[in-house]
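The values are calculated or read from the model by the stated rules, or taken from the named source; none is laboratory data. As the structure is a prediction and not an experimental result, all values here were calculated from the model. Cβ atoms come from the backbone with ideal geometry, glycine included; neighbour counts cover every protein chain shown.
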């Protein structure tokens, strides 16, 4: 690349970076213009042109130039140099010792070193020092001062942005097709369709509707009985009866609680760097399921999750809710504790912002938000509140810090657990002493044969394979891996005097190896003999003697007793032990692991409490805790204060409660909008605002802003009741439309169905797929609640062994399967279960071949198909078998064509013999099982119309 | 491919819409996949940007490398004992480090500790390699030894995540996922990114995940570190209960049902995709075992990789498997050398542990390089070797070394990099990178550059931000380009 094009390339990329990428470096905050005292002489300018400018161009411009320079420091102009960057003034004219730029190039401060790819020459550093000493002579006026945007949108502009305006109470529009309007929702949707001269789809048939609403509210398919009951009910209230039945079922909380768990990035393990089990997270999960089943008002639900420990009526339930703040993935082994604390706060702010406010607050950690009206000071005003909150406990596992928990254990329980802990410790230490003892025995045996090892080692070359070594070791009864290592050791330590004789004697020519080996034996056997005798002698005078006075013998003794010397025992038990010892060791290890996994935990909940209260926190320049700037008082984001005023913050508390109460007020411009949009998303597959976690500038604009505001005010006017919103939405004509509408003109104009001219076809979520396979085959275990992660609190899910001990064979509802970060259950992850480290309101719905592999080959699916077939085998007629299967799987009877096709398939499949199988089925049974599995794999099963 | 003929496309426009509509992947059976593209060595196959997202894409500028293989040494091999000799360390062993330790260290540091291994010069380049790697040393003229790599995180989890994803704080797409995102793949019947026996600890799946990138970018694990390579499998790739003909008949029934369903739900593009995904799954079921069948290799090749020796057979299998994936057009292959006990993490017993580890990988790596070269694959394959950090020149305990992210060695070989070249340097004891420092972000920028991708232009918008592998940093180390 020529230098000209290189420059263009650089400028282009820097421009690009400024436009698109949000970054750790950023915008100019500190504008401390220095007074340039003294005049600048021509000599000095010449010095600048000859020495300084080339240096700046060569070593600095790549990053510190153009519109959005790194660290906000632009060295391309005199004004830029004087303006400094995010870290403040770069230079103090005349004073190198006070100039950050000089400090950086000197490379003495490890946190501040420039240029980053290596220190400048001493000469170059002196040029810069001189330049500063001279008062920064600099003729460059042509290059403009960095004018990168200090923020994406000002507070004033922000208050005009749709999502920061107070929620309006729109009037219900009047429409032409009044008979279609069953709820105000319909009028808002229909008015848009009528404006485009479009007709909504016809109402869905009753079978489609009950399948749709049952999956929607409970995550399960309707049973054939439920379907026929609904079909038989001709009353006007037939559908609302179904809705109420479903809302009253405990399955409702399982389905809708799981939606919230997506937002709360719920998991049963920490993930990230050190994957420790969250043995008490299930209490938060059960809290959420109960909250939905009991229709806990959302304002209260919010307050409990952010400040349940601080509410006046705090109790175990409300404190359990604060698990929300602790559930994040944390770098538990981060050795830099200050960084860990700020990173954790960042994760909390990011989650709180996305979950409740639809705001990417985390983007303002290093600089003002690039797009939204959020200041970096807003970030640290909130961070101060969380800095005053304890998210970590006082205990740790080695280098791994523990998260904070509230104990509800009784004294008796704790006493009882001490015994359990002691028993686990005993089993662990038993296993490790067994290992150590066995290793020591092998070491002693090897030492007794030290001379043989040296003899044998002279029989092969250092690059011999272990296979060849094994053949040589066998007749001598030596440990092949020790012998193999012994030969390598001799190779690596050819100048060790102890082995000088060995190297003299050892021959590379195989014909003379035998005699050499004899010589080696002669020499070393007597040498080792002498050492042992000398040791015995030494111990006679001093029983504790360990070393020998004779310098030469002492060298040999050291080599002989060095555990990582020529007789090193492999550290890996699989390599060191014989089969029997290994089996015994594994047995003991496994006993300790099982005892630990199954041991009860002390009754405790994950949750936060107030810590040392800070009323202000410095801005962290460029997000670095090593670079504090101006302190900011605790407070709430300014752009939202016009709609909802900030209360007084108590000096003796973190102010989490005040923050939560403020967020949960009906005046808050975002909270209710964000939540009703979530409800809409979970019913219709797409939110009115498509970006459920981003109501900012880069988020979508609402497809129907009046409807969104109407829903938000309806919600807050009805005690923030989620079930009220369900009843309202489900009663609408919009919800009850068919999912196909062939004649609509909008097929081409609005293929994404943003205006809702039909009900959107939706693929089942991972849990719905698994649970319905189990339900249809009558295998589903409907028990509720309780701990299900098969690990003790804080036990390693994965240690260095990478062995996966988590099993997913349970037949309970999917919400009760463990959510292991870094290794989510494959059935879930393939079907778009969300990343449990990030708040997710809108799951993806991908189509990938591994999903097909799962449905074709996974035991869960095949076992269920076998079971489904067993049920069918009890139905007398084959055609009736097909009818029953369709009713259970699809909530409809098959057509004649489908019956014929199914019978032909079963007939054909029964003819071939079953492959190797541990499940002993008759050919006919297996044929029906294949048919049932096909139903599970079909689109009709996986999609809801 | 008989059943494919039943898929009818009314017009190309609809088809294009269909392809864009759903994120699909390893794979998505789209129109392009039916053309069954496999690499033939004659050049990459370029499809329109609106085709299958996994189809091979045109890079930003001409690529030097077409594919990447990362030989990952889990635990952190010591650079001062392998590729970065330090005579002063030998001289001053036992004395304190004559300058400041980092502000944060993982464990307590002792005095300087000399290397137990001698270095000697090899090849025409005369680059020094320690006695730990006698076989790799024979290929030293192909290696570009990066002696100034540095990261930030001194703990395994953070450092693994940083190395694999560029972030130690958040879940971000992995390096391999970004490569697939940028370039697609050259064999649509196989995953675009595979990771062979990866460790499930210290970031686990995130180290090969796609995070917010489309699902087809994620790595497909073949086994994991707790399993021997001979037993490593893709999950659910085989069905032990059914015969091939039973399953074929079953897929025909599913296809018939799905076609009826599609007729009742026209214009639902995902339904068509799903119909096709079963056919691809069925083909993958046969493609995958074929790749994994090492018995198709000659004795000479098996010997070259050390598969006939118990010490080297496991890693040898992994490397040979990697070659078979690479030559079939897989874009990114990671091979992890881990272990249920020792790994490269010698806080104590450096001598013993590194001896064991090096003897397990040395011959397979050398054989792998030789094999790639013989087949002409090395010229457009980038090979990367290294761990999540290096180790301290100071002692931990009496005979170990602590984690050291401040300066360590990785090496590259193959496409686009200078052979027999040492780049950058650490200080005279090997603690800090000092010359031509190469941060992990710079390494990532350089890898992408070699693939023809500009790390600042390879972005993905998610939750209101454009993300890159290199965040806001990263420079291409142009000095190492051949």
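Brief remarks on what is shown
- Residue that is nearest to residue A:361 (Cα to Cα), among those in the stretch B:413-436 that are facing chain A (nearest Cβ under 9 Å) and surrounded by 24 or more Cβ atoms within 10 Å (Cβ to Cβ): B:433
- Filtered residues of the stretch A:493-522 (kept if under 20 Å from residue A:562 (Cβ atoms) and crowded, with 17+ Cβ neighbours inside 10 Å): A:493, A:498, A:499, A:502, A:520
- Just one residue in the set A:715, A:759 is touching a residue at least 24 places away in the same chain (Cβ under 8 Å), within 34 Å of the chain's Cα centre (by Cα) and within 14 Å of chain B (Cβ to nearest Cβ); that residue is A:759.
- Residues in the stretch A:888-897 that are surrounded by 18 or more Cβ atoms within 10 Å (Cβ to Cβ) and free of Cβ contacts under 8 Å to residues at least 24 places away in the same chain: A:894 only.
Every residue, every condition in (1) touching a helix residue (DSSP H, G or I) at 6+ places or on another chain (Cβ under 8 Å); (2) over 22 Å from residue A:367 (Cα atoms); (3) at pLDDT below 80, yes or no:
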{"residue": "A:58", "(1), (2), (3)": "no, yes, no"}
{"residue": "A:67", "(1), (2), (3)": "yes, no, yes"}
{"residue": "A:74", "(1), (2), (3)": "yes, no, no"}
{"residue": "A:78", "(1), (2), (3)": "no, yes, no"}
{"residue": "A:82", "(1), (2), (3)": "no, no, no"}
{"residue": "A:94", "(1), (2), (3)": "yes, yes, no"}
{"residue": "A:98", "(1), (2), (3)": "no, yes, no"}
{"residue": "A:104", "(1), (2), (3)": "no, no, no"}
{"residue": "A:108", "(1), (2), (3)": "no, yes, no"}
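- Odd one out for residue B:229, checked against (1) surrounded by fewer than 22 Cβ atoms within 10 Å (Cβ to Cβ); (2) touching a residue at least 40 places away in the same chain (Cβ under 8 Å); (3) more than 9 Å from chain A (Cβ to nearest Cβ); (4) closer than 30 Å to residue A:798 by Cβ: (1)
- Elements of the type helices (runs of 4 or more DSSP H) sitting completely within the stretch A:39-109 and holding at least 3 residues that are free of Cβ contacts under 8 Å to residues at least 24 places away in the same chain and on the phi < 0 side of the Ramachandran plot: these cover A:42-47, A:53-59, A:100-106.
- Long-range neighbours under 8 Å by Cβ, at least six apart or interchain, first residue away from every other protein chain (no Cβ under 11 Å) and modelled with pLDDT under 85 within the stretch A:110-127, second assigned to a helix (DSSP H, G or I) and surrounded by fewer than 18 Cβ atoms within 10 Å (Cβ to Cβ): A:112/A:103
- Selected residue (criterion: farthest from the other protein chains (Cβ to nearest Cβ)) from residues of the stretch B:262-275 that are surrounded by fewer than 21 Cβ atoms within 10 Å (Cβ to Cβ) and without any contact (Cβ under 8 Å) to a residue 24 or more places away in the chain: B:263
- Criterion: under 34 Å from the mean Cα position of the chain (by Cα), within 8 Å of chain A (Cβ to nearest Cβ), at pLDDT 85 or above and part of a helix (DSSP H, G or I) - qualifying residue of B:250, B:246, B:285: B:285
- Residues within the stretch A:269-293 that are assigned to a loop (DSSP other than H, G, I, E, B) and more than 14 Å from every other protein chain (Cβ to nearest Cβ), tallied: 3
- Taking the stretch B:461-482 as the range and being farther than 20 Å from residue B:424 by Cα, surrounded by fewer than 20 Cβ atoms within 10 Å (Cβ to Cβ) and without any contact (Cβ under 8 Å) to a residue 24 or more places away in the chain as the test, the residues that pass are B:461, B:466, B:472.
- Elements of type helices (runs of 4 or more DSSP H) in the stretch A:483-564, at least 3 residues being in contact (Cβ under 8 Å) with a residue 40 or more places away in the chain: A:513-541, A:551-561
- Number of residues in the stretch A:178-199 that are modelled with pLDDT of 95 or more and in a loop (DSSP other than H, G, I, E, B): the value is 3.
- Subset tally (residues that are part of a helix (DSSP H, G or I), in contact with a strand residue (DSSP E or B) (Cβ under 6 Å, 6 or more places away or on another chain) and over 21 Å from residue A:119 (Cβ atoms)) for the stretch B:425-482: 1
- One residue from A:179, A:216, A:205, A:186 being surrounded by fewer than 19 Cβ atoms within 10 Å (Cβ to Cβ) and touching a residue at least 60 places away in the same chain (Cβ under 8 Å): A:205
- Output for the stretch A:821-832, where each listed residue is more than 9 Å from chain B (Cβ to nearest Cβ), surrounded by 22 or more Cβ atoms within 10 Å (Cβ to Cβ) and part of a loop (DSSP other than H, G, I, E, B): A:831
- Helices (runs of 4 or more DSSP H) wholly inside the stretch A:663-771 containing at least 1 residues that are within 27 Å of residue A:351 (Cα to Cα): A:671-684, A:705-717, A:722-730
- Only residues that are closer than 12 Å to residue A:802 by Cβ and touching a strand residue (DSSP E or B) at 6+ places or on another chain (Cβ under 6 Å) were counted across the stretch B:200-224, and they come to 1.
- Hits in the stretch A:655-676 - residues which are crowded, with 20+ Cβ neighbours inside 10 Å and more than 17 Å from residue A:359 (Cα to Cα): A:655, A:656, A:657, A:658
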